[in-house]
Amino acid sequence: MANWRFKEIVVMAALAVVFGVVYLAFLPLGGVLVGFFGPIGYDLIFGIWFIVSIIAAYIIQKPGAAFLSETIAAMVEVLIGNAIGPMLIVTGMVQGLGAEAAFAATRWKNYSVWVLMAAGVGSAVTSFIYGYFMSGYAALAPGYVTAMFIVRMISGALIAGLLGKALSDGLAKTGVLSSFALGKEYRKKHAA
Amino acid sequence: MRPFVDVRSLRLRFETGEKDILSNINFQLHDGESVLLLGPSGSGKSTLTSCLNGLFPRELDGEMEGDIFIDGKKTIDYRPGELSKQVGVVFQDPETQFCMLNVEDEVAFGLENIGVPFEEMEEKIEDALELVDMQDYKESAIATLSGGQKQKLALACILALKPSLLILDEPTANLDPIATKDLIETIKNLREKIKFGLVIIEHKLDDWTDLAERCLLLNREGEIFNDSLLRTAIRNNRSQLVEQGIWLPKVAQFFLKDNPDQMELPLTVEEFAAYPSRFAFVAEKRISRNSSESGISILETRNIAWSARKRDIIKDVSLSIYEGEFIAIVGANGSGKTTLSRILSGIQKPASGSISLKGKALKEWKESLLRQEIGYVFQNPEHQFITNTVYDEVAFSLKMKNEPAETIREKVYEILDTFGLLELKNEHPFSLSQGQKRRLSVATMIVDGQSFLLLDEPTFGQDAQSNAELMRLLQQRHERGATILMITHDMEIVDQYASRVVVMNNGEVVADCTPESLWDKEAKNLKAWQLELPVSVQIKKIHEEEAYYVSTTS
Amino acid sequence: MFLQRLNPSLKALTIMLFVVLLAMIFDPITPLLFLIWTVSITFLFGKVAWKKYTLYFIPFLIFAFGMLWTTIIFADTPTNKDDSITLFGMTYPRESLLTALALSLRVLNVAALSLLFIFTTNIVHFILSLMQQLRLPPKIAYAVLAGYRFLPMMRDEIKIIHDAHRVRGVNQAKTIKEKWENYKRYSIPLLASSIRKAERTAMAMESKGFTGEKNRTFYRQFSIKKTDWIFPLIMLLGFSAAVIVSLEMGYLKLFS
């Protein structure tokens, strides 16, 4: 923990609260979608779960940011009353690992849009494997499971990767990220 | 004697900045000494705080030169966290100083950090809370405390660590006048109970003047340009003070208006009252107000009421607002001022009662047309910004109306020029200074020719210069016929600018008159409504008493 | 009241253990029996308001129902096609129906376990206990607590931003694209202000001597008492019983 500034960690928690609220707003929608389409309904909006880790990793650009932020986000979710309970922390860690893997593959050097989308897909993959065991997808027809998997990966790439990038870039423009990697980068480009 | 704080040739620059935020800072503080640290916003006052409590250079993105000794030891030689036993800081924002949910846990947090054994905590927590007179709130949730109470709690958290030096970093900037007085009173009482050094960072001097005599002045370049007694500083460096946007005490300001050359100025009303004859006094020539007798009513409310969480916020309010008025809404926090202004502007629908604008019920107005009539400036300007540049921000509503590009450009340039924002037209609204943000938010609300402008505490937390600039712009707008309604705690503004003042108390309008007649109301009423007289009126009253005294004794 | 006084970390670990165990069960009888057991324990040993409990439980019922019918429809091809059950005039393979029931009941059982935790645990104590029993780094623990404090502020702020934008003449979004633009406009100020709040809070906490070191003292101390182990034992008892009954009835099915 020593190489993390406390400020960075509190920022992760704050981001988690914002998206926690967003997520809770989407939860009823998810319920309705599942009612109609079965588990795949959730997969459509699943990417919103990963967005914190993408944004945190992109803003802070340090090894471990994606994993740590998603873990923190899960703890915050437990606190703000997400009814999935303590198990959610494990879920968060699993998702964070997926995104972290994508950044690790570039040795935490590349934060381009493709890598961010890949990180979203990475979270989708690990979370799907986890879900496969915990929710018993094994009992479903392989075709349906494949469809769920694909939908979740797309959601991860678009909602987490693309939207996460758009929001982070929007934030960089405001100047509030001046003490984080992304803000510094933006400033350099802007000055040049 | 070795000084407790010794700052030597401190220079600091942020990685992102082009210039030094602090340069060539040298000063010493002795044990138990108090000092006022004054400077305009952006002069590096808060940065200096971070240097003194050891957060910088550890947490600094940038470079820092020079040495700071606390109690004879360099700040960089203290272990992280250790310095908190020597130097404690109360920050500006009451909302962001806590991490626990209730009062006792929050005080305990600091004690846990410095490793106080469990057995000793209870007593220390109670002692600290008692020092700030908050012992009854030990088990309260922090969220239920008022802003003033939160600041007192922040103070208690620091006091529990028993620091030798207390830094107050604009602790009253977000408090109303009553809470401000209470906090300052609390600190005064503390001085009698325990010994500690005090650094007061402020840009408003009122009420602090008798806590510290010595005063350090920082300019925009981050240099100390004065280290003397406050009185001497005001005598010798008055023009710089004003130029740097530091608020002189209201009494001093008042005298300066009529006697710009006067050397000795009273700093408090009490000081003036003790020797009124020492200070030359000229009856005030007030700004000629355009009286509001246009007689054309633009907004009418009948018996409006609103409640939230089973509490009546607004009870049976009927008001008529006439074209060309400059109305101030005043009253204690929680008296319903903001809610009333939101209802008047159509943001909030009243639970009962009717409102009509220009003879047509507010609810029958089309939202987009309504917004061309009424502008509303929120307390935090950032909340209203929706685009990425200052230019787009002002152009936004015009673009929505599909006006031709050339007209838009012309209008926007004109407004930006008037508001002193033209050079910043490509900047992001969030990156502006506090004063610029405020001006921009007003600009966006009048660009469409809105003739009725409501403002929620527009002068809150700004330095003197930004404030004067803003009031000048509003005055100008008013002279051109705009109707202005603003919520404020600042009675000087009410006295100088308002043509009419509406006093709210517990959701009701308890007075609706000219400022002059408000000042003539009984003292016990004003006290109940938590209003204080503007300095000019206080002084006038003292003079009248003096004259009476002189005339009856001679 | 025994559940409220239980060490929060131990309670959480127990819950998690049984969620994992449930994931291995693919027959409907075990989760059904264990569901009844879990709910009974919740009401017997925890002072839980049943109205609020029901309210929280309803979304899971809807979710479980969705799970039920989709699993029947999208089930993997059963090994024994001839064995079928007729329900509401439709014929389903017996195996698919049982699996679908098993998965839906699992959802409900997991929900019941989570609600047991949520309704009987002070979450601040949970975080403090994670630090004391499970060595959660203080930096993370206090950041999470600080973040939690932002929640009501952000709720208020969302409302204010909404109104403030309305005054600017946005918000009359009709198409999905416009709505999307509006959401983006909301989120930037909201995120910006939460980042600033976070920075200020971190600074205030550090200036009170917070370093993130593990050797801190605690005003609220948590420990695992011997009696706390009764809870995992009771749960294990219930779970074993459910498995045995299911086995005796010839339903028990591990994995798929």
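The values are calculated or read from the model by the stated rules, or taken from the named source; none is laboratory data. Please read these numbers as outputs of a predicted model, since none were measured by experiment. For neighbour counting, all protein chains shown are included, and Cβ atoms are generated from backbone atoms with ideal geometry for every residue, glycine included.
What the table shows:
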quantity	calculated
Where residue C:210 falls short, out of the listed (1) surrounded by 14 or more Cβ atoms within 10 Å (Cβ to Cβ); (2) under 23 Å from the mean Cα position of the chain (by Cα)	(2)
Of all residues in the stretch B:1-30 being touching an Asp or Glu at 6+ places or on another chain (Cβ under 9 Å) and of a type in the set (Asp, Glu), the one that is nearest to residue A:187 (Cα to Cα)	B:15
Options B:109, B:91, B:69, B:56: the member that is within 27 Å of residue B:231 (Cα to Cα) and of a type in the set (Phe, Trp, Tyr)	B:91
Residues being within 9 Å of chain A (Cβ to nearest Cβ) and in a loop (DSSP other than H, G, I, E, B) - total across the stretch C:94-126	1
Restricting the stretch C:129-184 to residues that are part of a loop (DSSP other than H, G, I, E, B) and of a type in the set (Lys, Arg), the residue that is nearest to the other protein chains (Cβ to nearest Cβ)	C:168
Members of the stretch B:447-458 found to be touching a Gly at 6+ places or on another chain (Cβ under 6 Å) and not in a strand (DSSP E or B), listed by number	B:450
Condition broken by residue B:98, with the remaining ones in (1) part of a loop (DSSP other than H, G, I, E, B); (2) within 7 Å of chain C (Cβ to nearest Cβ); (3) at pLDDT below 95 satisfied	(3)
Where residue A:4 falls short, out of the listed (1) touching a residue at least 12 places away in the same chain (Cβ under 8 Å); (2) at the interface with another protein chain (Cβ under 7 Å from one of its Cβ atoms); (3) not in a loop (DSSP other than H, G, I, E, B)	(3)
Subset of the stretch C:219-256 [within 30 Å of residue B:124 (Cα to Cα) and surrounded by 14 or more Cβ atoms within 10 Å (Cβ to Cβ)]	C:219, C:220, C:222, C:224
Matching residues in the stretch B:311-341 - criterion: being among the hydrophobic types (A, V, I, L, M, F, W, C) and not in a helix (DSSP H, G or I)	B:313, B:314, B:317, B:319, B:321, B:326, B:327, B:328, B:329, B:330, B:332
Residue match in the stretch B:5-17 (condition: assigned by TED's automatic domain parsing to the domain that holds residue B:142, part of a loop (DSSP other than H, G, I, E, B) and in contact with a strand residue (DSSP E or B) (Cβ under 6 Å, 6 or more places away or on another chain))	yes
Neighbours by Cβ (under 8 Å, 6+ apart or cross-chain): first from the stretch B:402-415, in a helix (DSSP H, G or I); second of a type in the set (Ser, Thr, Tyr) and surrounded by 13 or more Cβ atoms within 10 Å (Cβ to Cβ)	B:412/B:391
Scope the stretch B:369-381; condition over 13 Å from residue B:456 (Cβ atoms), at the interface with chain C (Cβ under 9 Å from one of its Cβ atoms) and surrounded by fewer than 20 Cβ atoms within 10 Å (Cβ to Cβ); matching residues	B:372
Residues within the stretch B:22-46 that are surrounded by fewer than 22 Cβ atoms within 10 Å (Cβ to Cβ) and either assigned to a helix (DSSP H, G or I) or within 13 Å of another protein chain (Cβ to nearest Cβ) (or both), tallied	1
Matching residues, the stretch B:488-532, being of a type outside the set (S, T, N, Q), part of a loop (DSSP other than H, G, I, E, B) and in contact with a Lys or Arg (Cβ under 6 Å, 6 or more places away or on another chain)	B:507
Enumeration of residues in the stretch B:182-219 that are out of contact with any Lys or Arg (no Cβ under 9 Å at 6 or more places or on another chain) and over 24 Å from residue B:233 (Cβ atoms)	B:185, B:189, B:190, B:192, B:193, B:195
Failed item, numbered, when residue C:175 is tested on (1) buried (at least 16 other Cβ atoms within 10 Å of the Cβ); (2) over 30 Å from residue B:167 (Cβ atoms); (3) of a type in the set (S, T, N, Q); (4) over 31 Å from the mean Cα position of the chain (by Cα)	(1)
